[in-house]
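Notes for the one structure printed next.
The values are calculated or read from the model by the stated rules, or taken from the named source; none is laboratory data. This one's a predicted model, so the numbers in the text were calculated from it and none came from an experiment. Using ideal geometry, Cβ is built from the backbone for each residue, glycine included, and neighbour counts are taken over all protein chains shown. These area figures cover heavy atoms from the full protein model, side chains too; ligands, DNA and RNA do not enter into them. Shrake-Rupley method; radii C 1.70, N 1.55, O 1.52, S 1.80 Å.
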Amino acid sequence: MTAFNSLAILALVFFLAHVVLLFTSFGKNGYQKTRYLYSHITLWICGGLLFLLASLYAGKQVSGILDVFDTPGKQLMIIGVVLLLSLTAHTIVRYLVMPKYNVDKR
């Protein structure tokens with residue numbers, strides 16, 4: 001298995017872990033703060049791995065998708081999108097999801 005495949009699989013695993021942790025952070029047992037934190041951390045790790053993949057393989061015809069990120073500016077957009085996604089999710093949770101859990105506690 002090549003380094004590219006290993007990094008791509010690792011990024012996918014971290015993204016799937018992010019999704020599972022995010023959706024299981026809220027449920028019958030209430031808000032799970034630690035699990036929610038881990039969901040953000042796994043998203044950031046996934047973004048870091050994608051950035052690394054783009055830095056190493058963009059423009060080398062290894063992946064058509066990665067070839068799009070052939071400049072440092074485009075590669076930094078990966079980090080920007082990850083941060084924006086994390087901030088958006090946090091805002092949605094803070095203002096739309098958490099009030100529901102605070103009302104249920106009263």
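Here are some notes:
- Just one of the numbered conditions (1) more than 30 Å from G64 (Cα to Cα); (2) under 15 Å from the mean Cα position of the chain (by Cα) is not true of G48: (1).
- For region 41-75, the candidate set comprises residues that are assigned to a helix (DSSP H, G or I) and hydroxyl-bearing (S, T, Y); within that set, the residue that is farthest from H18 (Cα to Cα) is Y57.
- Boolean, F23 is of a type in the set (F, W, Y), open to solvent by 50 Å² or more (accessible area, probe 1.4 Å) and modelled with pLDDT under 95: yes
- Listed by first and then second residue, the pairs with beta-carbon distance under 8 Å, at least 6 apart or on different chains, first residue in region 59-82 and on the phi < 0 side of the Ramachandran plot, second of a type in the set (V, I, T), are F69/I78; K74/V68.
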